[in-house]
There are 2 protein chains.
Amino acid sequence: MFRTHTCGELRLTDAGKEVTLSGWVQRVRDKGSLLWIDLRDRYGITQLMLEEGVSEPGLLEKARQLGREYVIKVSGTVTERSSKNPQLPTGDIELVLNSLELLNASKLPPFTIEDKTDGGDELRMKFRYLDLRRNPLRQNLALRHRLAIETRNYLDSKGFYEIETPYLIKSTPEGARDFVVPSRMNPGEFYALPQSPQTFKQILMVAGYDRYFQIVRCFRDEDLRADRQPEFTQIDCEMAFITQEDILNTFEGMARFLFSKVKGIEVGPFERMDYATAMRLYGSDKPDIRFGMSFVELNDLAQDKGFSVFDEAELVVGINASGCSEYTRKQLDSLTDFVKKPQIGAKGLVYVKYNTDGSIKSSVDKFFDEAQLRGWAGRFDAKPGDLMLILSGKAEATRKQLNELRLEMGNQLGLRDPQVFKPLWVTDFPLLEWDEASQRFYAMHHPFTSPKPEDIALLDTDPGKVRANAYDMVINGVEVGGGSIRIHDRGLQKRMFSLLGFTDEEAQNQFGFLMNAFEYGAPPHGGIALGFDRLTALIAGYDSIRDFIAFPKNNAGRDMMIDSPSPIAQQQLDELALTVKSDA
Amino acid sequence: MFRTHTCGELRLTDAGKEVTLSGWVQRVRDKGSLLWIDLRDRYGITQLMLEEGVSEPGLLEKARQLGREYVIKVSGTVTERSSKNPQLPTGDIELVLNSLELLNASKLPPFTIEDKTDGGDELRMKFRYLDLRRNPLRQNLALRHRLAIETRNYLDSKGFYEIETPYLIKSTPEGARDFVVPSRMNPGEFYALPQSPQTFKQILMVAGYDRYFQIVRCFRDEDLRADRQPEFTQIDCEMAFITQEDILNTFEGMARFLFSKVKGIEVGPFERMDYATAMRLYGSDKPDIRFGMSFVELNDLAQDKGFSVFDEAELVVGINASGCSEYTRKQLDSLTDFVKKPQIGAKGLVYVKYNTDGSIKSSVDKFFDEAQLRGWAGRFDAKPGDLMLILSGKAEATRKQLNELRLEMGNQLGLRDPQVFKPLWVTDFPLLEWDEASQRFYAMHHPFTSPKPEDIALLDTDPGKVRANAYDMVINGVEVGGGSIRIHDRGLQKRMFSLLGFTDEEAQNQFGFLMNAFEYGAPPHGGIALGFDRLTALIAGYDSIRDFIAFPKNNAGRDMMIDSPSPIAQQQLDELALTVKSDA
């Protein structure tokens, strides 16, 4: 037997017990006649004690051989500590050893196994098994497990079935790139890994399963941005005989349940905002509503006053930063530099300070008199002590720039506390997005999204104006998930594919099974998919998902630990009837 | 709103309520002045009623347009039925309609949506969304969902974390063939889909996660046998600081919990049998112990009596079929034909009838006298009315043949009731298997399995004799899962790879990350993996797993519904730097 207890379990009430523990040596403190070992496992740390002349002969020498991360099994007597450690649940006791067995040695780890480690990203990924020993990662994966369990139990209690859909499916090159899997039994043919189980969950609705969910891996062969992974996990859900309202209520309920159960936080009812409003007031379809600073438009007040920058702009729009009128020249210059960064792309920044003494000072005093500026302040609802920040230019681009500035001001003012959660439904997304480069429409959500019934007539006259029954769950400016009411009519689905530039043959070839299914009694249905990696990170209060995935890949799509991808044997290629191009 | 209730919900206590239902038309019975519709959804069937002159004008005409599988929404009054249907939970009531809305029409399904359908296998797979509407499949998937939920909650309650391991891993051509995934970002390199998360779960033990599980998809590119799928689901588990005994107890506990919770059956403590005994007594490493008929060896009694078939045999071995002494000539011939089938391969079958009148009659009366045959009967513990069936030849082959005959007799005698469950642990498997063709050892379980400590010395002298700390969970003759205590020492793991014919370079290249991990404080650990598709089918009392998978593939690895695998676009191949060989 390796242990009677874990390293997180013993308390003062256990004093006097003879116990056995196994775990890793976190540290050894050797004071000569006394020696302490911190023994660690998943459950905690227990202090072990050895004393010269008291402990059995040889035990101390054995203990002195131990290095960090050695694996040992020890037995001893639970004893009250003289100097207790209130930081540690086991801090009232120590184990006075009477035996110590080395189970496995350890080389010196290339970085410290501490909450704040000295290891760099690449090293930590290569030695992921050591990084995963650190408390923060252990807590992240424990949280992830807990969230998965609670999500499943919640959906189960609401009558959802978890139904596994296949991973070896069919390549449908719409949207992101598929990972493909060559078929040995069908040479020259390929499976694809699912970007999501979208069509299968719709098929399950046609099959009458009524309420489906799955916590499921999805795959996208994209050029990886900082926080993207080629494989990621979704909470994927679909319901039949529902309206958009039913779906919003169900998954708002789920999210509130998770926050309450796992985090002990009541987030309250979700706010709702349509896409057009979100873009107008926040310049983003995923506004962070933990703070205000919504956009104020000034065209009527600020144009035709001789300031050509504004006069030539499609939109003059700003935000009011409360209490920032004392920003220094340097701070203001730095904000100007911020909006002028290439990835943001503004040409400049106009500011108006409403000083605490009631005076007004702006960067455009040459063009606007005080009365005019006071008019702006009125529009902003600004008070003495406030700072108005104004951008101008093409409407869409300017709103996006101002969104970045608003978020930056939120950061600077500490208005984006990761432990405060403000969820929001964004609704009524456009159905289609026009792509200038390819001169065609793309589905904003995906090709299976239903137009709003009242907008269907616009499909012929002005497709870009058609709104979809589509919605995103946004928390703290992060798109946690999105979904839509689906098309369940073969004719409308065909028309949609045609709008998206599919020939009838392409549509039939790729999605024929779904359109055929729609002819055999498809019920009205809709659903949602939530990013599980993202949701977990968000609930923990983190930005990056990487430390919420046990074995993530780096930005080149490489698993640094197992060193994959890698070449395969010629025999494997031969069996698959494939040749790698020689210049590859 | 599509419904106030489901089609399985309304009872007599709801009589008088105005309700709305949505669902599929199961059938329409039109009696002229009266018309009934059976409306179906996942939850049940509710009878709808319309009456000429009573129902609103036009409703009956509308109802008469409905075909099977049409999707409708109806409202009406819950009314007590005059002729109740006790088979149906809703059988006391019907819904007297006051409105009917067609939500979607349906073409005539190519087979009936009934418990016993008229559709053939291929047709049902092509129209899987229709097949999935049938009760038996719905019940199977509901059971699967329930088992997954209960499995997770059980393991969670025992301190296991579910941790997701990657699907894009590295090809390790030991064992079955991998499915591979070309990497676009690393041309000429490939990921592989996991045959199991084996190395990752061991890494998680090295990382200190202590108790891991995952209900996870696994992939094997094998030539498919009747009941194999290229992708299948495992309950994958690993524990640290445990002995084999801890693992057997934990997962015996889990299985007993599942049978009790989901099936209401107490299966009791598992029997245990070592591999050598299983092979000797049942000729199988997965004996069906729902019935006896264990093997009886006769070499000492039956050899050297002048019957050359026995004299030349390595083994003479038989079973006693209780109460079968009245088997006719035809029945006995048919058993002889059975064992002589090429896939079984016996040369012949010897029988001894212990007749109810006490007389003895055998097929070898020429060679053995009655006293000798009575001696055999004594060895078999046979009673009047029994039939002894005896095979002979090479020991291993003969035991396998007799295993088949034993199972066949179990079937014929009705001793294999699918609703009776007799679980068994088979332990102490050999570590290695010698392969004559390639003149090398293969790992019987996998290369990470630990030899029994007391057998380690044999690794040098007689590797084939080394027993492993490996175990299978067998229920009713089905291998539900298997596992082992793992090697956690780099040196022993290296030696194991070398025994299996790996060069040091190959071992390091494929499994270096694991052997490196073993150098940084790997704890003793072990685990098990259970086939979830198989377990679900078994618990439901079925042999085949196909109807327990929502979207299975056929024996050619093809998804008939979506028609996959399929060719991909030239652009996709180009991006992957791949060419399909022209003769493919």
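Summary of values
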| item | result |
| --- | --- |
| Distance-filtered residues of the range A:488-525 - backbone nitrogen under 19 Å, label point 7 angstrom along B:E122 Cα→Cβ | A:513 |
| Pairwise label distance in nanometres, B:S308 with A:D274, each label 7 Å out on the Cα-Cβ vector | 9.7 |
| Degrees, to the nearest 10: B:504-517 long Cα axis against longest axis of chain B | 60 |
| Residue of chain A whose Cβ sits closest to the axis mapping A onto B, with distance in whole Å | A:T579, 2 |
| Counting all C-alpha pairs of the range B:120-180, share separated by more than 12 Å (%) | 79 |
| Test item: Cα-centred dipole of the range B:12-104, Lys/Arg +1 and Asp/Glu -1 on Cβ, debye | 320 |
| Average silhouette area of the range B:484-584, convex hull of alpha-carbon atoms, in square nanometres | 12.0 |
| Given charges at Cβ of Lys, Arg, Asp, Glu: chain A dipole, positive-most of A:I265, A:L578, A:F532 | A:I265 |
| Hits among lysines - C-alpha to C-alpha of A:K383 under 23 Å, sequence gap 8 or more where chains match | A:K330, A:K353, A:K361, A:K366 |
| Cα centre as origin, Lys/Arg/Asp/Glu Cβ charges: chain B dipole, Debye | 1340 |
| Efficiency of FRET between B:V420 and A:D435 - r from beta-carbon atoms, R0 56 angstrom, step 0.05 | 0.35 |
| Which of B:V71, B:Y275, B:W36, positive extreme of dipole for chain B (C-beta unit charges) | B:W36 |
| Rg ratio (alpha-carbon, reference 2.2 N^0.38 Å) - the range A:147-243 | 1.22 |
| For B:Y520, distant residues with modelled amide H under 5 Å away | A:K107 |
| Nearest-first distances (nm) between copies at A:P86, label 7 Å from Cα via Cβ | 7.1 |
| On Cα atoms only, tilt of B:135-157 relative to the major axis of chain B in degrees | 60 |
| Total formal charge among the other residues, if their Cβ is under 9 angstrom from that of A:L130, Lys/Arg +1 and Asp/Glu -1 | +2 |
| Peptide A:139-147 - average C-beta neighbours from other chains (10 Å radius) | 3 |
| For the range B:85-209, alpha-carbon Rg and Dmax in angstrom | 23.7, 67 |
| Enclosed volume per residue, in Å³, of the convex hull spanned by Cα atoms of the protein assembly as shown | 250 |
| Folded to 0 to 90 degrees: helix B:244-258 orientation relative to chain B principal axis, Cα | 30 |
| Alpha carbon convex hull of chain A, volume per residue in cubic angstrom | 237 |
| Separation of alpha-carbon centers, the range B:179-248 and the range A:47-111, rounded to whole Å | 35 |
| Within straight-line cross-link reach of B:K17, lysines at Cα separation under 21 Å, skipping those fewer than 8 residues along the same chain | B:K73, B:K84 |
| Ascending list, in nanometres, of distances separating the B:R495 label from those of the other copies (7 Å, Cα toward Cβ) | 7.4 |
| Anisotropy class of the range B:216-347 from Cα gyration tensor, a/c 1.5 cut | prolate |
| Helix-derived mean residue ellipticity, 222 nm - over chain A, DSSP H n ≥ 4, -39500 (n - 2.57), to 500 | -8000 deg cm²/dmol |
| Approximate spin-label separation A:Q87-B:E245, in nm, with each point projected 7 Å along Cα-to-Cβ | 3.9 |
| Copy-to-copy label separations for A:S334, where each label sits 7 Å from Cα toward Cβ, in nm and ascending | 9.2 |
| Stokes-Einstein D for the range A:291-412, Kirkwood Rh over Cα pairs, 10 °C, 1.306 mPa s (µm²/s) | 112 |
| Ordering of A:83-95, B:196-208 by packing [mean C-beta count within 10 Å, highest first] | B:196-208, A:83-95 |
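Rule-based calculations on the coordinates, nothing more; no lab input. The structure presented is a predicted model; accordingly, all values stated were derived computationally and were not measured. So basically every Cβ, Gly included, is an ideal-geometry build from the backbone, and we count neighbours across all protein chains shown.
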